[in-house]
Amino acid sequence: MMTAVRFCCFALLLTGLCGCPQYRDPRVPNPIEPMVEPDLGREYLVYTPSTYDPARSWPLIVVCHGTRPWDTPLRQIRDWVKLAEVKGFVVVAPSLKGTKGDFPPPAEKQIKRQREDEETILAMVRHVQGSHNISRDRIFLAGWSAGNYAVLYTGLKHPELFRALAVLQGNFDSVYLSEVAGCIDPYQPIFVLYGSIDILTGKQGKHCVKWLREHHAAITPEETGGTHKGHPTKAYEFFSRVIRKVPWLRIRAFLADSGDPMSVQFKTHASFELRAYRWDFGDGESSPVATPLHTYAKPGDYTVTLTVETESGRRVRRVIALTVPQKQPHQGI
C-alpha cells in the first residue's frame, strides 16, 4: 500500500500527465479511481459499481478515514468497495487533515482543520454529483476512529445534505464541536457504534452518545464487543433502515424575491410523494399550499410547523425555528 505522501504525489503527477491512476481491488471488477476536485484541488477516491447505470439515481456514501498512517483514504475505501459492488451504491473517500486520534492538537487548531475538511467533503460531493447520477435524498456520511471528527463536524452542520450519519468506534471530544452544537437537526438519524472492550475509543464512544442525547439528536447507539476496527456492514444496514423507515422531508425558508425582509418563501424537498400540506407559520396564520409565501407582521422568532400527508395516508411533521426579518437570501436547504 502506498504511503499518504507517495499517494498524493503520484496522483498529482499522473493527473497532469495522463489522467488519474487506478487502484485495483481483487474483490471487485472496477478500479478505485483517485480524483482531484477542480475548484479547491482536493483529492479523493471513488468506487463506482460495475452495475452503475446513469439513467437512474444512486446512493452515495462518503467515508472518512482515521489517523494516518494507521488508516488512509485507500484503506478506508477498500473496506467498503465489496459492499458497494454488491448492494449498489457509489462510495467516496476524501483525503482529510483533521482526523488525528493520537495526540490531537489544541481545540483552535483542530477546529480549523475540521473547517478545511468540511470544505473538502462538500466540494467532493459536488464533484461526484457532476459526474454521477446521485440521489439527492440518499447521501450519507460515515467515519471510523478519528474520522468521527469529520463526520460530526461536517455532518451536523449540513443535515440538508447528509440524510444520516454513522460513527464507527470513533474518537470524540465535545470541545471540537463548539461551532456545531446549535446546528443539530433532531430529524437527522445518527448511528453511533462503540466497543465495550475498545481501549482506544470505547469511553469516547459513550461520551459521544451522551453528548448527542443532551443535544436532542436522533441517535441510535449500539455497543459491540469487538476490538477497534471498521464496521461498514453495520453502517450500511443502518442507512438502509433509514431509507425504508425514516421519511426525508426538508424545509427551505428564504427571503422572498420581493426583497421584503418580512416576507418568507417556503419550499420542501422530500423522499416521497406529497399529497396534502398544512403550514403553521407560528403567528396564528396557516396555509394549505405546497410553496407558500408568507409575510410576517412583526419581527421575532417563530416556530414553523409543516404537516404533510403521503399517498398512503401517513402524516409526517417537521418543525423549524425561523427568525424574521430574514437577513440572508437563503436559510435551510
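The values are calculated or read from the model by the stated rules, or taken from the named source; none is laboratory data. Quantities reported herein were computed from a predicted structural model and do not represent experimental measurements. Every residue, glycine among them, receives a Cβ derived from its backbone with ideal geometry; neighbour counts consider all protein chains shown.
Taken over segment 279-300, the residue count meeting the criterion of being closer than 27 Å to residue 138 by Cβ and surrounded by fewer than 16 Cβ atoms within 10 Å (Cβ to Cβ) is 2.
Figure legend. Inter-residue proximity from segment 119-140: first residues assigned by TED's automatic domain parsing to the domain that holds residue 152, second residues of a type in the set (S, T, N, Q), beta-carbon distance below 6 Å, spacing 6+ or different chains. Indicated pairs: 121/154; 133/57; 135/57; 137/271.
Residue count for segment 220-257 satisfying the condition of being of a type outside the set (Lys, Arg), in the same structural domain as residue 145 (by TED's automatic domain parsing) and more than 26 Å from residue 273 (Cα to Cα): 14. Restricting attention to segment 241-253, the residues that are surrounded by 16 or more Cβ atoms within 10 Å (Cβ to Cβ) and outside any loop (DSSP other than H, G, I, E, B) total 7.
What are the residues in segment 178-199 that are more than 25 Å from residue 241 (Cβ to Cβ), assigned to a loop (DSSP other than H, G, I, E, B) and in contact with a His (Cβ under 8 Å, 6 or more places away or on another chain), if any? Across segment 178-199, the qualifying residue is only 199. Every listed requirement among (1) under 18 Å from the mean Cα position of the chain (by Cα); (2) in a loop (DSSP other than H, G, I, E, B) is met by residue 298 save one, (1). Residues considered: 160, 118. Of these, the only one that is acidic (Asp, Glu) and either closer than 23 Å to residue 36 by Cβ or buried (at least 23 other Cβ atoms within 10 Å of the Cβ) (or both) is 118.
Annotation note: of 103, 89, the sole residue that is of a type in the set (A, V, I, L, M, F, W, C) and within 30 Å of residue 269 (Cα to Cα) is 89.
Which of the residues belonging to segment 200-228 are hydrophobic (A, V, I, L, M, F, W, C) and part of a strand (DSSP E or B)?
218, 219
Determine whether residue 42 is in contact (Cβ under 8 Å) with a residue 40 or more places away in the chain and either more than 18 Å from residue 139 (Cα to Cα) or surrounded by fewer than 21 Cβ atoms within 10 Å (Cβ to Cβ) (or both).
Judged against the criteria, residue 42 is a match.
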